[in-house]
Structures are given as C-alpha cells and as structure tokens.
C-alpha cells in the first residue's frame with residue numbers, strides 16, 4: 001500500500017518503476033489480499049481501467065466484484081477498491097487522487113514459514129539427492145492436499161551454505 005495520493009496513471013507509473021504494476025484482482029483470494037492492506041482508506045487505485053475493463057498487466061480475467069454493478073460509460077474510466085464495502089470495486093475518474101496498491105507490494109505480504117523436518121532413512125538412501133528430495137516434497141504436498149491445507153502453499157527446500165539440504169545426525 002502506497003500512502004501517497006496520485007492519479008491512476010501516475011500511480012501505475014510509480015508501481016511499474018518501483019514494484020511490478022498496480023495490484024490486480026483475478027480471484028476472491030487476491031481480493032482478500034488487497035483488502036488486507038487497504039485498511040482505513042476510503043478507496044485505493046488498482047490496475048483495472050476502461051478499455052473493455054481490462055487489467056493493466058494485460059491479463060483479461062473475468063473476475064469483477066463491482067460494488068454497484070458494472071459501471072456505465074462516462075462515469076469514470078479507472079477502478080479503485082473501496083474500504084467498508086467488502087473491498088468491492090468502484091469506478092472513478094482517472095484524474096482523481098487516491099492512494100494505491102502495487103502488486104509487488106501485496107505479494108510481499110505473503111507469509112513465509114520455515115519448518116525443520118527430521119527424516120529417518122536407511123544407510124543406502126542419499127537424502128541430498130535431488131530426485132529423493134523431489135519425492136519427499138511430493139509426499140508432503142500429497143499429505144497437505146489430503147488435509148485440505150494445500151491452497152496457496154509453495155514448498156521448497158532450504159539449501160545450506162555447503163550446498164546440501166539435509167545434514168546427518170548421529171542417533
């Protein structure tokens with residue numbers, strides 16, 4: 001969330017030079033992410049504008065959660081998220097001044113959690129072999145899916161300075 005006010009075009013230029021682009025909302029999950037940073041502001045610019053209402057990143061997804069239904073032509077050609085209206089979309093004049101949300105800014109709010117796992121194996125299995133690590137990650141992902149915990153989760157190994165993932169612990 002950028003707490004300075006700019007026109008839609010100036011906000012887009014700022015986001016493109018500092019982050020990636022104005023925030024895009026292609027799903028309810030992304031809408032919740034944006035809503036979580038909007039806070040007390042009445043409305044903030046996002047990357048939707050009237051050229052058949054497309055996203056500034058040129059992806060044409062159909063998710064549109066307008067507060068008062070789709071806008072009519074001439075009522076404002078840029079979109080903002082309204083706080084207090086469940087983060088729904090509203091249209092406004094592109095020259096109006098609003099704070100804004102950049103999508104690199106929203107993505108940086110993703111929570112990172114590091115977990116240490118202990119794995120027992122036979123003496124013949126090399127846990128630092130890439131194919132063995134891939135199988136272990138696959139099994140962890142499978143277990144998360146079976147418990148319905150896999151949505152928006154990305155798993156990876158943390159590589160130690162010596163280039164290995166696992167260290168041998170004597171029991």
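Before moving on, here are some points about what is shown:
Each row is one residue, and each column tells you yes or no for (1) at negative phi; (2) under 20 Å from the mean Cα position of the chain (by Cα); (3) assigned to a strand (DSSP E or B); (4) at pLDDT 80 or above.
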| residue | (1), (2), (3), (4) |
| --- | --- |
| 4 | yes, no, yes, yes |
| 13 | yes, yes, no, yes |
| 25 | yes, yes, no, no |
| 30 | yes, yes, no, no |
| 37 | yes, yes, no, no |
| 46 | yes, yes, yes, yes |
| 51 | yes, no, no, no |
| 62 | yes, yes, no, no |
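- Where residue 67 falls short, out of the listed (1) at pLDDT 65 or above; (2) touching a strand residue (DSSP E or B) at 6+ places or on another chain (Cβ under 7 Å): (1)
- Among (1) at positive phi; (2) modelled with pLDDT of 80 or more, the one test that residue 58 misses: (2)
- Odd one out for residue 106 among (1) surrounded by 10 or more Cβ atoms within 10 Å (Cβ to Cβ); (2) assigned to a loop (DSSP other than H, G, I, E, B); (3) under 25 Å from the mean Cα position of the chain (by Cα); (4) at pLDDT below 85: (2)
- Candidates in segment 112-142 are the residues that are within 30 Å of the chain's Cα centre (by Cα) and outside any helix (DSSP H, G or I); of these, the one that is modelled with the highest pLDDT is 117.
- Selection of segment 143-163 for residues being surrounded by 11 or more Cβ atoms within 10 Å (Cβ to Cβ) and either in a helix (DSSP H, G or I) or touching a helix residue (DSSP H, G or I) at 6+ places or on another chain (Cβ under 8 Å) (or both) yields 143, 144, 145, 150, 153, 155, 157.
The values are calculated or read from the model by the stated rules, or taken from the named source; none is laboratory data. None of the values given here were measured: they were computed from a predicted structure. All Cβ positions, even for glycine, are placed from backbone atoms using ideal geometry, and neighbour counts span all protein chains on display.
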